[in-house]
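The values are calculated or read from the model by the stated rules, or taken from the named source; none is laboratory data. This one's a predicted model, so the numbers in the text were calculated from it and none came from an experiment. For neighbour counting, all protein chains shown are included, and Cβ atoms are generated from backbone atoms with ideal geometry for every residue, glycine included. Remember, those area values only see protein heavy atoms, side chains included, never the ligands or the DNA or RNA. Shrake-Rupley method; radii C 1.70, N 1.55, O 1.52, S 1.80 Å.
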Amino acid sequence: MNYAQLFSHYESKLDEVGEEPESLAYTFRALKKLTLTDFVLLLTKEVTKDDENLLELIFQQLAHHYPAQYIIGKADFHGLELMVDPRVLIPRPETEELVDLILAENPTENLSVLDIGTGSGAIAISLVKAQPNWKVTATDISLDALAVAQENAHKQQVQLSFIKSDVWENIDGPFDMIVSNPPYIAREDVEEVGLNVLHSEPHIALFADEDGLVIYRQIAKRAAEFLTEKGKVYLETGYKQGQQVKDIFQTAFPEKRVRVLKDQFGQDRMVVVDDG
């Protein structure tokens, strides 16, 4: 049997269990460090015994809804390669859009930034990588997540501070900017979550009480205490939550402008608090 035939066999089985067939080739190529050309040339060749075993192992993990990024041990985010494992969420493309927005709207070289719920450190590390003079503090309630974020910061050779904190618990301000991509999936929306996410990614970083809004309310309640006079807030939200999160922050900041911005798919995805 050649590689193309074996891939086709496993890909059809992945499709049957609701997983992306393309994830098999993606994972195999990453583990074998194959270029696309190398991979294409391989397809017509006879499968080696070692690769047959490897593909079976990859298939079994994917079929049991274990994400490709966890198998590989890394994920691409904003041009960076970040370590990921079940201690942290796999960073999403929509979060890259939040990073792009922050960098586009804040060309200033010296800002102090607080990232609440940093997870793998994706947002915080990307910001410092692009703006090395920013003073960024990354927090998370999970020591496991902070360990991953610290390792990613070390590998990316960036300097930032890490604090274990449940929202405002151990924080001293003020900051020019507060950023957060908090848990925001309502518990009743569990059916909307993919099986590989539900089975493998940390639920503490996915789900939140009060229709997914509890962390936004906690941030809004005290954000003004930790912001400079011209300080801004940047948030990622669920696609159904834009208006609700806007209302929460407009109440907390009646004198500031609160915007809801859409992602590349036209879904409400970001809420920004600033002076307009």
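Collect residues whose amide H, placed 1.01 Å from N in the peptide plane, falls under 5 Å from the amide H of Phe77; neighbours closer than 5 in sequence don't count.
Leu82
Using modelled amide H (1.01 Å from N, peptide plane; none on Pro or chain starts), what sits under 5 Å from the amide H of Ala138, excluding residues fewer than 5 places away?
Asp115, Ser161, Phe162, Ile163
Return the FRET efficiency for the residue pair Arg187, Leu261: r is the Cβ-Cβ distance, R0 is 30 Å, and the value is rounded to the nearest 0.05.
For R0 = 30 Å, the calculated efficiency reads 0.70.
If you put +1 on each Lys and Arg Cβ and -1 on each Asp and Glu Cβ, how big is the dipole of region 47-182 around its Cα centre, in Debye rounded to 20?
The calculation lands at about 240 debye.
If I fit a long axis through the Cα atoms of helix 22-32 and take the longest principal axis of the Cα atoms of the chain, what angle between them do I get, 0 to 90°, rounded to 10?
It works out to around 80 degrees.
Give, rounded to the nearest 20 debye, the magnitude of the charge dipole that the chain has about its Cα centre when Lys and Arg contribute +1 at Cβ and Asp and Glu contribute -1 at Cβ.
Dipole of the chain, to the nearest 20 debye: 620 debye.
From the phi of every residue in region 84-89, what ³J(HN,Hα) in whole Hz does the Karplus formula 6.51 cos²θ - 1.76 cosθ + 1.60 yield, where θ is phi - 60° and glycine or proline is x?
9, 7, x, 6, 9, 5
Given Gly231, Pro86, Leu24, which one lies farthest toward the positive end of the charge dipole of the chain, if we put +1 on the Cβ of every Lys and Arg and -1 on the Cβ of every Asp and Glu?
Farthest along the dipole direction, towards plus: Gly231.
Per the 1.4 Å probe, what fraction of the accessible area of region 1-104, in percent, lies on carbon and sulfur atoms? Each step should come with its number before you reach the end.
Working: 2910 of 5470 Å².
Here carbon and sulfur together make up 53 percent of the probe-accessible area.
Can you give the angle from 0 to 90° between the axis of helix 3-16 and the longest principal axis of the chain, with both taken from C-alpha atoms, to the nearest 10?
Taking Cα atoms only, the helix is inclined about 50 degrees.
Among Ala122, Ala25, Ala68, determine the one that fluctuates most according to a GNM of the chain built with springs between C-alpha atoms less than 10 Å apart.
Comparing Ala122, Ala25, Ala68 in a Gaussian network model of the chain, the most mobile one is Ala25.
Quick one: longest stretch of the chain between exposed loop trypsin sites (Lys or Arg not before Pro), exposed meaning at most 14 other C-beta atoms within 10 Å and loop per DSSP?
In short, 46-276.
Please name whichever of Gly117, Ile141, Pro174 sits farthest to the positive end of the charge dipole of the chain, dipole taken about the Cα centre and charges placed at Cβ: Lys and Arg +1, Asp and Glu -1.
Final value for the positive-end residue is Pro174.
At a threshold of 8 angstrom on Cα-Cα distance, excluding pairs fewer than six apart, so keeping six or more, what relative contact order does the chain reach in percent? Intermediate values should be presented prior to the final figure.
Numbers: 481 pairs, mean separation 38.6, N = 276.
Over the chain, the number comes to 14 percent.
Work out how much length Glu20 to Asp144 would gain on full extension: take 0.36 nm times their residue separation and subtract the Cα-Cα distance, in nm to one decimal.
41.8 nm
For the chain, report the accessible area per residue in Å² (1.4 Å probe, heavy atoms, rounded to an integer).
Averaged over the residues of the chain, the accessible area is 49 Å².
Taking the Cα atoms of region 36-143, report the difference between the largest and smallest coordinate on each principal axis, in whole Å and largest first.
Computed over region 36-143, the largest-to-smallest principal extents equal 57, 33, 19 Å.
Please work out how much accessible surface Asp275 shows to a 1.4 Å probe, ignoring ligands, DNA and RNA, in Å² rounded to 10.
Roll a 1.4 Å probe over it and Asp275 shows about 80 Å².
With just the Cα atoms of the chain, tell me how far they stretch along each of the three principal axes, in Å, largest first.
68, 40, 32
Compute, for region 5-96, the length of the dipole vector about the Cα centre, with Cβ point charges of +1 (Lys, Arg) and -1 (Asp, Glu) only. Units Debye, rounded to 20. Provide the component values of the computation, followed by the final result.
Values: 9 positive and 17 negative charges, 56 e Å.
Here the size comes out at about 280 debye.
Say each of Glu46 and Lys155 gets a label point 7 Å from the Cα, pointing the same way as Cα to Cβ; how far apart are those two points in nm?
3.7
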